[in-house]
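Notes for the one structure printed next.
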Amino acid sequence: MSDNIFKFNNLNIYYYVIKMQNHNTHKKILLNYFNNKILSNRQFGLNKNNQNINIDSIYNYDYKDSTNFDREWVIYIKKYIQEILFNLTNYIPYKNAIIMNMWFQQYKKNDKHSWHLHHGCTYSGVYYVECQKENITEYLDFLDIGNPIKFNAEEGDVVIFPSLLLHRSPPIESDVLKTIISFNFDYTDNCILE
């Protein structure tokens with residue numbers, strides 16, 4: 001058997017950074033909802049022996065309801081995110097985007113979310129509702145794991161990326177909340193085949 005089972009190529013990972021139109025209006029409406037409802041918080045990172053391996057902490061989130069599209073804030077913002085995804089079809093060979101789930105997360109000082117990926121979908125997105133530049137999500141290239149990168153994004157941006165790209169929310173070092181909306185989706189109707 002050959003020792004060269006794995007072959008690596010330097011692939012450029014494509015991602016999109018899109019400005020959310022009317023961000024300040026959306027931010028005010030969304031934060032009014034999120035800040036008035038502490039739905040859940042969590043600390044996690046125990047291995048099977050109940051030893052701390054890397055405690056993650058998220059101050060407020062509603063991931064448990066991520067497939068419920070009847071939540072008030074989702075009804076409000078989904079149409080704007082869907083419009084961004086539809087507009088991307090001008091640049092990619094697909095016609096339609098199906099959002100599979102959507103949730104918000106809020107991080108306060110010292111909170112973090114360790115390296116992870118999203119399964120069961122092709123693409124993921126994050127809308128930075130409230131975020132300082134230094135708290136933007138970090139991404140990890142499998143071929144250069146020692147050097148996390150940050151896309152050139154800021155509050156008010158929506159970032160679209162392949163869901164298998166490892167990413168994390170680095171520890172929050174300021175007293176300013178980080179609030180994001182995350183979502184997973186797939187494009188359908190590949191028009192290259194037509």
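All of the numbers you see were taken from the coordinates with simple rules; none came from a lab. None of the values given here were measured: they were computed from a predicted structure. FYI the Cβ positions are ideal-geometry reconstructions off the backbone, even for glycines, and counts take in every protein chain you see.
For SER174 and LYS28, calculate 0.36 nm times their separation in residues minus their Cα-Cα distance, and state this gained length in nm to one decimal.
Values: separation 146, 0.36 × 146 = 52.56 nm, distance 2.06 nm.
This chain segment gains 50.5 nm when fully extended.
In whole Hz, with x marking every Gly and Pro, tabulate ³J(HN,Hα) for region 119-125 from phi via Karplus 6.51 cos²θ - 1.76 cosθ + 1.60, θ = phi - 60°.
These are the phi-based 3J(HN,Hα) values: 9, x, 8, 9, 10, 10, x Hz.
Need one number: nm distance between label points at ASP70 and GLU134, each 7 Å from Cα along Cα→Cβ, rounded to one decimal.
With each label point 7 Å from Cα toward Cβ, the separation is 4.4 nm.
Show log10 I(q)/I(0) for region 109-183 at q = 0.26, 0.28 Å⁻¹, two decimals, from a solvent-free Debye sum over equal Cα scatterers.
Ignoring solvent entirely, the Cα scatterers give -1.36, -1.48.
Per residue, what volume in Å³ does the convex hull of the Cα atoms of region 63-194 enclose?
On the way: hull volume 16.3 nm³, N = 132.
Dividing the Cα hull volume of region 63-194 by its residues yields 124 Å³.
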